[in-house]
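Structure first, then comments.
The values are calculated or read from the model by the stated rules, or taken from the named source; none is laboratory data. Note that the structure is a prediction, hence the values are computed from the model and not measured. FYI the Cβ positions are ideal-geometry reconstructions off the backbone, even for glycines, and counts take in every protein chain you see.
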There are 2 protein chains.
Amino acid sequence: MKKVGLKDIAEHVGVSIALVSYVLNGQAEIKQVSKENAAKIKKAAEELNYRPNQIAKSLKMLKTHTIGLVVADINYRFSTGITRAIEAEAKKENYTVLFGSSNENEETFAELVNVLINRQVDGLILVPVENSQDQIKMLQKAEIPFVLIDRNFPEIKTNHIALNNHKAAYDATTHLIKQGHQRIAFFNYNTTFFHLHERNRGYLDALKDNGIAFNADWLQEINSANRYADIQQAIDKVLNLSQPCDAVFFATDTLAINGLKYLNRLKVNVPGQVSILSFDESEAFELFYCPVTHLQQPLEAMGQAAVNTLVELMNHNKINKQISLVSDLVVGRSCRE
Amino acid sequence: MKKVGLKDIAEHVGVSIALVSYVLNGQAEIKQVSKENAAKIKKAAEELNYRPNQIAKSLKMLKTHTIGLVVADINYRFSTGITRAIEAEAKKENYTVLFGSSNENEETFAELVNVLINRQVDGLILVPVENSQDQIKMLQKAEIPFVLIDRNFPEIKTNHIALNNHKAAYDATTHLIKQGHQRIAFFNYNTTFFHLHERNRGYLDALKDNGIAFNADWLQEINSANRYADIQQAIDKVLNLSQPCDAVFFATDTLAINGLKYLNRLKVNVPGQVSILSFDESEAFELFYCPVTHLQQPLEAMGQAAVNTLVELMNHNKINKQISLVSDLVVGRSCRE
DNA sequence: GTAATTTTTGTTAGCGATAAAATTTGTGGG
DNA sequence: CCCACAAATTTTATCGCTAACAAAAATTAC
């Protein structure tokens, strides 16, 4: 079956292509197409099963009504959540989302961004990977509308939406302290990411403000390439200090999952022997024998803010928004009370 | 910064657009462009940061090099896994994947398929939702290349890739029986999906072939709209029979997660009181106090088969493939030995 | 009845790229 | 010097659609 275009409908009805275009774009009124022809055209379009060629339309209009989204890893709970939120919001604004996953890889990230640009997306929503500063600068130079989410580079002035990571870590740590914990370990990735450093800072500030002397052994940095092994070592470390830690605060869900897996193996009792708290959420947390207390990111709000900011940018409004959101502490039963 | 096109490069170098096109498409040799001009053009393209407009190219070529993928729910582990596999394989074949999630909703599914077609994808890989038969038939009538994965409709002859669900359920059930279980419950969705019925059939056949008399109370059907409540009821039921079940086999990971959550609440000991086995996999399974024995689907192979089949179809080869794959039984510690 | 409007429909350029066909330039042989 | 042929480059039509503009048909005014 040959593809049917405007021309086919025009011939079928016996009118010009323009009329068909007007009618099928809802311009029948304004372009004063006779009711008679309008009806015939609609009918023919239906019968011939006409499908507008978006590619052609995009080319003509120099606008694709498409947003490119690059997440860090499609397997992260964060990624699927934010993708959903963004798709829903984009749909409201009549945009389609073109989606890609960088797998935290610099080259893949750059490649994806390029593919999306070549496909003429009208704008980009990006979860940047480590060392992608040059890519970001390139986008700025090329004047391509984009918004960063979750992560950003403080040395580059961009529109971005992210959690207030300092506050989240600060509040969560304070929560643990208030519950009587004195020796709180914090597990984070060994990373250059600003947003993760902010979590460190929040943790440290909370200790300080509550008069707890920080012990350098408490802050454990994990190499993501060597995640599970590093975590085992780190846990062994903090549980076997002369003054063992009475709580472990994980900076991400992936860290927490690996940590809990090992704690399970060690048969360490949670929260009896050690309390657990984590950033992000995971289905897995609910299946741990005691639901894990965690910081839930406002994915909906984030997605909405990202799309709305991007839409403004795409409408050529020069704006500069740095939106900072707060997380919810979802109290499970993994912290001693 | 204005977008630069072939024309800009042509003007900059002082040659015609055609030459530029030839050079940038690697046709310099065959079209015998002088080395001198070829070099100048490449240099200019670099300097001006030229980006080919895929939209224009697609329109001209009547081919977008894009595959549309519709998964059932981006939150399923299956979806992210298969998406990754498909993206990787598509990339090898030089296709980009346009992605959407139907959220198991019929209208959303139809809408997504239409959006993808309008965007002129060259072919579709679909995880069809319930009652989407008409959509599938429409695709056939429109002669749009597509492949179904995971699920299919036996009444419609299509190219599809799926697990051998009967065999998987049969083997897993047999595994339980071999381990000495006598009263095995099977939890499945109350659904019209053929692939899920196949799981029922596999379960039932295994019982029969092993001389176990089936008790109708063992097969529990869950309404997905009412998942958690239904599962609680079902679990209460099978654990409180005069002859309580000694194993529960879940037909999907989502069912298992909900079930385990409740078993946790009930403090039912696994595998002491009841053994657990599930289809699919989930990160959560590893965090359950005893890792859950489960059937792992060969997502890589599935993705590859889907893309390869689709590529053949898109190359206008009339083929008819029904590929059936086998799953691995990943033995955890959730089954009594 | 004709000019001036108003209503309705048709023609066409162009979005950015490709590629077939046409054209120009270069080379060597007779 | 002219011609044939090859090498190098340009011209042009086209993909399907939009929208400005042009043109035709219908209506109104006088």
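In region A:117-139, the qualifying residues are those that are assigned to a helix (DSSP H, G or I) and more than 9 Å from chain B (Cβ to nearest Cβ), and the one that is surrounded by the fewest Cβ atoms within 10 Å (Cβ to Cβ) is A:Asp134.
Say whether the condition of being touching a residue at least 40 places away in the same chain (Cβ under 8 Å) and within 30 Å of A:Ala85 (Cβ to Cβ) is met by at least one residue in region B:6-26. No.
Pairing residues of region B:73-95 that are farther than 12 Å from A:Gly100 by Cα and more than 10 Å from chain A (Cβ to nearest Cβ) with residues that are assigned to a helix (DSSP H, G or I) and among the charged types (D, E, K, R), at Cβ distances under 8 Å and at least 6 apart in sequence or on separate chains, gives B:Phe78/B:Asp253; B:Ala85/B:Glu300. Of all residues in region A:243-255, one or more are touching a Lys or Arg at 6+ places or on another chain (Cβ under 6 Å), away from chain B (no Cβ under 14 Å), buried (at least 21 other Cβ atoms within 10 Å of the Cβ) and under 21 Å from A:Tyr189 (Cβ atoms). Being within 13 Å of DNA strand C (Cβ to nearest atom) and farther than 29 Å from B:Ile67 by Cβ: is that true of A:Ile117 here? Answer is no for this residue. Looking at B:Asn53, B:Asn75, just one residue is buried (at least 16 other Cβ atoms within 10 Å of the Cβ) and modelled with pLDDT under 95, and that residue is B:Asn75.
If I filter region A:61-72 down to residues being of a type in the set (Val, Ile, Thr) and more than 7 Å from every other protein chain (Cβ to nearest Cβ), which single residue comes out as nearest to the chain's Cα centre (by Cα)?
It comes out as A:Val71.
Would a scan of region A:316-337 turn up a residue that is surrounded by fewer than 23 Cβ atoms within 10 Å (Cβ to Cβ), assigned to a helix (DSSP H, G or I) and of a type in the set (A, V, I, L, M)? There is no residue in region A:316-337 that is surrounded by fewer than 23 Cβ atoms within 10 Å (Cβ to Cβ), assigned to a helix (DSSP H, G or I) and of a type in the set (A, V, I, L, M). Consider B:Leu266 carefully, then state whether it is free of Cβ contacts under 8 Å to residues at least 40 places away in the same chain and either more than 30 Å from B:Asn226 (Cβ to Cβ) or surrounded by fewer than 16 Cβ atoms within 10 Å (Cβ to Cβ) (or both). Yes; evaluated as a whole, the condition is true for this residue.
Looking at region A:88-100, can you tell me whether even one residue there is out of contact with any Lys or Arg (no Cβ under 9 Å at 6 or more places or on another chain), away from DNA strand D (no atom under 16 Å from the Cβ), within 30 Å of A:Asn190 (Cα to Cα) and among the hydroxyl-bearing types (Ser, Thr, Tyr)? No, because not a single residue in region A:88-100 is out of contact with any Lys or Arg (no Cβ under 9 Å at 6 or more places or on another chain), away from DNA strand D (no atom under 16 Å from the Cβ), within 30 Å of A:Asn190 (Cα to Cα) and among the hydroxyl-bearing types (Ser, Thr, Tyr). If you go through region A:6-30 and keep only what is surrounded by fewer than 17 Cβ atoms within 10 Å (Cβ to Cβ) and within 8 Å of DNA strand D (Cβ to nearest atom), you end up with A:Lys7, A:Ser16, A:Ile17, A:Ala18, A:Asn25, A:Gln27.
Of the residues making up region B:103-115, just one is without any contact (Cβ under 8 Å) to a residue 12 or more places away in the chain and either outside any helix (DSSP H, G or I) or within 8 Å of chain A (Cβ to nearest Cβ) (or both), namely B:Asn114. Checked against (1) within 14 Å of chain B (Cβ to nearest Cβ); (2) outside any loop (DSSP other than H, G, I, E, B); (3) closer than 30 Å to B:Lys63 by Cβ, A:Glu143 passes all but a single condition, namely (2). Of B:Ala301, B:Ala284, B:Ala306, all but one fail to be within 13 Å of chain A (Cβ to nearest Cβ) and in a helix (DSSP H, G or I); the exception is B:Ala284. Could you tell me how many of the residues in region A:235-266 are among the hydroxyl-bearing types (Ser, Thr, Tyr) and in a helix (DSSP H, G or I)? Number satisfying all stated conditions: 2. Applying the condition of being within 14 Å of chain B (Cβ to nearest Cβ) and of a type in the set (Ser, Thr, Tyr) to region A:6-60 and asking which residue is nearest to DNA strand C (Cβ to nearest atom) yields A:Ser58.
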